[in-house]
Amino acid sequence: MNIKELLTKLTLEEKAALLQGKTMWTTWDIPRVGLPSIFLSDGPHGLRKQAGPADNLGLNESIPATCFPTAATMANSWDTELGEKLGQYLGAEAAANDVNILLGPGLNIKRSPLCGRNFEYFSEDPYLTGKMAAAYIRGIQSKGVAACPKHFAANSQELRRMSTDSVLDERTLREIYLTNFEIAVTEGAPKSIMSSYNRVNGTYANENRDLLLDTLRGRWGFDGFVMSDWGASNDHVEGVRNGSALEMPAPGLDSAMSLVEAVKSGKLSEADVDKRVEELLKVIEATYEPVKNASKTIDREDYQAMARHCAAESIVLLENDGILPLKQGSRVAIVGEFVEIPRYQGAGSSLVNPTKVENLLENLKGKG
């Protein structure tokens, strides 16, 4: 694909259409010039590719996939090599299911135990978070799939997430809320990144020039494309002007036409539209053939063994006063609903439909 040449063949209307989703999970294709659509899917700790009616809240069932330990668990391992290996498994399973962009890892900083998505995030520590995220990204992208770290930036709560304003002084922003993303970008080189719902110091993250152009591209050298979170685009014209390319999911062609009208009226430069389209086309080019030609076979036992290994390496024993290991013949009371119905992931957009679930009670039978 000669991207510069392709840009000259596209009409303004076609370029505008490319900067928004066609469906809940796909980009627009342009058959006239041989441009394919690509598929995006949730996947911070396991693929969530929906098989039936699409939604972004995890309400409708997705295809069976391996459920790996969440980021909250994996951070306990402090093992970036293991994180990269897990990323390779995530990338391979995505490619096997024709997914071009895996929406993860999630790496927001944990600032309150009340944040409903803490299980998807690594840590309250920016350094550990950035190192683990970079490892995931390298692993995922080694399989020809683009990673999409999220949610950029200063997004640490779910309550009123679409209207809240994260007000921070410069030092706090740079040292706590951006260090994790800086490490992920400079050491992982993701092909895409997802902006967050919230405002940052009064400006929506998806329209924030300081975040998306001055910092992400200017300071860190990011050369992929930025997409909005699902429904997080406030003003698509301002988003495109300030560094955001793809509005997701599928806002209807009114959104594309707003770009066309803004260009024709002089409110938006067509050069800005071209920049955003070029950023997106590079990722379509980089992922389409590798995913198309990837193996479509998954060794379920191998993947389950990897998930188990990751979980074992992430176990933290805070204190052992001699009880462990249990002596042969010990009697142990196992109490609670989780004995048979384990809580091994959260809900929402990262809810994996697991290929296999083991519970404590079954695993302990016959072990006495």
Charges only on Cβ, +1 for Lys and Arg, -1 for Asp and Glu: so what's the dipole of the range 268-368 about the Cα centre, in debye to the nearest 20?
660 debye
Working note, the range 181-285: Cα radius of gyration (Å, one decimal) and Dmax (Å, whole number) are 13.2, 41
Taking the solvent-accessible surface of protein heavy atoms with a 1.4 Å probe, what is the per residue accessible area of the chain in Å²?
46 Å²
Using only the Cα atoms of the range 259-339, each taken as one equal point scatterer with no solvent, compute I(q) by the Debye sum, divide by I(0), and report log10 of the ratio at q = 0.21 Å⁻¹.
-1.13
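Using a 1.4 angstrom probe on the protein heavy atoms only, line up THR355, THR287 by accessible area, largest first.
Values: THR355 55, THR287 0 Å².
Per-residue accessible area, sorted high to low, gives THR355, THR287.
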Of VAL291, VAL167, VAL240, the most mobile residue in a GNM of the chain (C-alpha springs, cutoff 10 Å) is VAL167
With all protein chains present and a 1.4 Å probe, how do MET257, MET24 order by accessible area, largest first?
MET257, MET24
Would you mind telling me the share, in percent, of accessible area of the range 262-368 contributed by carbon and sulfur at probe 1.4 angstrom?
52 percent
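Kindly provide the GluC sites (Glu not before Pro) of the range 263-323 that DSSP labels as loop, not H, G, I, E or B, and whose Cβ sees at most 12 other Cβ atoms within 10 Å. Present the calculation step by step, with values, prior to reporting the outcome.
Details: sites: GLU270, GLU278, GLU279, GLU285, GLU301, GLU313, GLU319; in loops: GLU319.
When the GluC sites (Glu not before Pro) of the range 263-323 are filtered for loop state and at most 12 Cβ neighbours within 10 Å, GLU319 remain.
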Give me the percent of the accessible area of the range 157-225 that comes from carbon and sulfur atoms, probe 1.4 Å, all protein chains in place.
45 percent
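Going through the range 1-86, which GluC sites (Glu not before Pro) have at most 11 other Cβ atoms within 10 Å and a DSSP loop state? Numbers along the way, then the final one.
Values: sites: GLU5, GLU13, GLU14, GLU61, GLU81, GLU84; in loops: GLU61.
Taking the range 1-86 and a limit of 11 other Cβ atoms within 10 Å, no loop GluC sites (Glu not before Pro) are found.
Let me have the 222 nm mean residue ellipticity of the chain computed from DSSP H runs of 4+ only, each contributing -39500 (n - 2.57), with the sum over all residues rounded to the nearest 500. Please report the intermediate quantities before stating the final value.
Numbers: 11 runs with 122 residues, N = 368.
Calculated mean residue ellipticity at 222 nm is -10000 deg cm²/dmol.
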Inter-part distance where the range 68-112 and the range 271-300 are each reduced to a Cα centre, Å
19 Å
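Counting other C-beta atoms within 10 Å, and keeping those with at most 15, which DSSP coil trypsin sites (Lys or Arg not before Pro) do you find in the range 212-292? List each step's numbers first, then the result.
On the way: sites: ARG217, ARG219, ARG241, LYS264, LYS267, LYS275, ARG276, LYS282, LYS292; in loops: LYS267.
Counting only loop positions with at most 15 other Cβ atoms within 10 Å, the trypsin sites (Lys or Arg not before Pro) in the range 212-292 are LYS267.
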Give me the dipole magnitude in Debye, nearest 20, for the chain about the Cα centre, with unit charges on the beta carbon: positive for Lys and Arg, negative for Asp and Glu.
360 debye
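The values are calculated or read from the model by the stated rules, or taken from the named source; none is laboratory data. Because the structure is predicted, anything quoted here is derived from the model rather than measured. Because the Cβ atoms are built from the backbone with ideal geometry, glycine has one as well, and the counts that use them run over all protein chains shown. Calculation scope for accessible area: heavy atoms of the full protein, side chains included, ligands and nucleic acids excluded. Shrake-Rupley method; radii C 1.70, N 1.55, O 1.52, S 1.80 Å.
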